[in-house]
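The values are calculated or read from the model by the stated rules, or taken from the named source; none is laboratory data. These numbers were taken from a predicted model, which means no experiment stands behind them. Cβ sites come from the backbone with ideal geometry, for glycine too, and all protein chains shown count toward neighbours.
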Amino acid sequence: MTSKSWSDDADTALDARLLGMLVLGIETSCDETAAALYDTRDGLLGHALHSQVDMHQAYGGVVPELASRDHIRRLVPLIESARQQAGVSLQQLDAIAYTRGPGLAGALLVGAGVASALGVAQDKPLIGVHHLEGHLLSPLLSTQPPDFPFLALLVSGGHTMLLDVQDFGRYTLLGETVDDAAGEAFDKSAKLLGLGYPGGPELARLAAAGNPRAFDLPRPKMHSPDLDFSFAGLKTAVLTRVRALGAQASEQSRADLAAAAQDAITDVLVHKTLRAQQVTGRSAVVVAGGVGANRQLRAKLAAALQSRGVRLFFPELQWCGDNAAMIALAGALRLQRFPDNARAAGAFDVLPRWDLTQIGAPPD
Ligand code: KG4
Ligand code: ZN
């Protein structure tokens, strides 16, 4: 006959630490549907993603209703695919993390609803993850991750922020865009040049054949003493040049204008990041979010920071855009560091607008 003893409990607790925390992450905030499994001991075990880019391309941008419907179609098979890669069962999960915000309300509700249903079925707690915290932590998925503290430039389709990251969950906003995000500046410039959606990668491709000095574009707010950004004026400047070129614009002049736009956007981003580094004195800089995939931004920042002896960290290219690996990672770290963040599955909410600096350590 066996009886459960104190040492059994201690062994179980020890096993849990040795085995790590296993978390399923779900991302559906915009136009990528993704699922991933992350273990705090073994790292990323499986991930699957479907991009809706082809579906939205016909409309020149994300159509929220179509995005939600496609998330519904795709999410459960993607979870199953990630689970099979990881070789684990849903019963083995310690928690289910999902993107709670910010993002498109209907799209977020799909991920939150599926997470909650799985949580009820498997009796697992839920962790609502801030999408931008996922982006911020995405370089931790690399084999050579940065240590806290670091300065972060967060550049996505909807956000442009400089953050002082003191520690996990301790984020101070140093500056942000007062109008368009850097990704929007790429996307809108690309649209004006007749390129497809999403415009960032397309504009970068066209720019490769162009001469950035052929057009003199403004660098809004670049020399202002604050750490804020403004890109709306740049879009207007691109519009004026496109109109002046007219319908018969040569391929070379379009490439030149693309190169000039990319140069202006990355100049501003680099300039403000250098200023923020000077202000904070941080010796490591992390660049995260979709625009972090831009090669010119990477090269300019690397050159500028190297001369200051500052280390630069990027997520791997596959983790620059939206993905669930970063959500599973952020959820697993929250479960480990702030277990009170975990909530019983059942009723759930989403936060389409959610301030990153408010998420902090205490449960919300
Ligand atoms: O982080 P993300 O995938 O989604 C959001 O949370 O917004 O960022 C998407 C943004 C889009 O504006 C896209 O055009 C831009 O990132 N982007 C790029 C590049 N790849 C993606 N912008 C410039 N150069 C790129 N290579
Ligand atoms: Zn994102």
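Suppose the filter is in contact with a Gly (Cβ under 6 Å, 6 or more places away or on another chain), near ligand 1 (Cβ under 9 Å from one of its atoms) and within 21 Å of Thr99 (Cβ to Cβ); does Ala181 pass it? Here the answer is yes, as Ala181 does meet what is asked.
Against the numbered list (1) without any contact (Cβ under 8 Å) to a residue 24 or more places away in the chain; (2) within 16 Å of ligand 1 (Cβ to nearest atom), Leu203 comes up short only at (1). With respect to Leu195, is the statement that it is out of contact with any strand residue (DSSP E or B) (no Cβ under 8 Å at 6 or more places or on another chain), closer than 19 Å to Leu162 by Cβ and within 15 Å of ligand 1 (Cβ to nearest atom) true? Taking the combined requirement at face value, the residue does not satisfy it.
Whether any residue in the range 216-228 is modelled with pLDDT of 95 or more and within 16 Å of ligand 2 (Cβ to nearest atom) is what I want to check. The answer is no, given that none of the residues of the range 216-228 is modelled with pLDDT of 95 or more and within 16 Å of ligand 2 (Cβ to nearest atom). Among the residues here, Gly60 does not qualify as of a type in the set (Gly, Ala, Ser), free of Cβ contacts under 8 Å to residues at least 60 places away in the same chain and either closer than 30 Å to Leu192 by Cβ or crowded, with 22+ Cβ neighbours inside 10 Å (or both). Given the structure, is Ala325 within 16 Å of ligand 1 (Cβ to nearest atom) and in the same structural domain as Lys124 (by TED's automatic domain parsing)? Criteria met by Ala325. Applying the criterion of being within 13 Å of ligand 2 (Cβ to nearest atom) and among the polar types (S, T, N, Q) to the residues of the range 102-158, the residue that is surrounded by the fewest Cβ atoms within 10 Å (Cβ to Cβ) is Ser156.
Screening Thr143 with (1) closer than 22 Å to Thr99 by Cβ; (2) β-branched (Val, Ile, Thr); (3) outside the structural domain of Gly233 (by TED's automatic domain parsing) gives one miss only, at (1).
Within the range 246-293, work out how many residues are away from ligand 2 (no atom under 16 Å from the Cβ) and part of a helix (DSSP H, G or I). Counting residues in the range 246-293 that are away from ligand 2 (no atom under 16 Å from the Cβ) and part of a helix (DSSP H, G or I) gives 30.
Number of residues in the range 310-343 that are assigned to a loop (DSSP other than H, G, I, E, B), more than 17 Å from the chain's Cα centre (by Cα) and farther than 22 Å from Gly20 by Cβ: the value is 1. In the range 217-228, the residues that are in the same structural domain as Gln277 (by TED's automatic domain parsing) and at negative phi reach residues that are assigned to a loop (DSSP other than H, G, I, E, B) and small (Gly, Ala, Ser) with C-beta atoms within less than 7 angstrom, at least six apart or across chains, in these pairs: Pro220/Ser230. Is one or more of the residues making up the range 235-253 charged (D, E, K, R), assigned by TED's automatic domain parsing to the domain that holds Met161, within 23 Å of Leu274 (Cβ to Cβ) and surrounded by 14 or more Cβ atoms within 10 Å (Cβ to Cβ)? Looking for residues that are charged (D, E, K, R), assigned by TED's automatic domain parsing to the domain that holds Met161, within 23 Å of Leu274 (Cβ to Cβ) and surrounded by 14 or more Cβ atoms within 10 Å (Cβ to Cβ), one finds none in the range 235-253, hence no. Quick check on Leu217: is it crowded, with 21+ Cβ neighbours inside 10 Å and part of a loop (DSSP other than H, G, I, E, B)? Answer is yes for this residue. Residue by residue through the range 79-95, note down the ones that are outside any helix (DSSP H, G or I) and either out of contact with any strand residue (DSSP E or B) (no Cβ under 7 Å at 6 or more places or on another chain) or outside the structural domain of Gly111 (by TED's automatic domain parsing) (or both). Gly87, Ser89, listed by residue number. Of the residues screened, Glu202 is not one that is charged (D, E, K, R), under 20 Å from Gly158 (Cα atoms), modelled with pLDDT of 95 or more and outside any helix (DSSP H, G or I).
Residue-by-condition table, conditions (1) touching a Gly at 6+ places or on another chain (Cβ under 6 Å); (2) free of Cβ contacts under 8 Å to residues at least 60 places away in the same chain:
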| position | (1), (2) |
| --- | --- |
| Ile79 | no, yes |
| Tyr98 | yes, no |
| Ala105 | no, no |
| Ala112 | no, no |
| Lys124 | no, no |
| Gly128 | no, no |
| Asp147 | no, no |
| Ala152 | no, no |
| Leu163 | no, no |
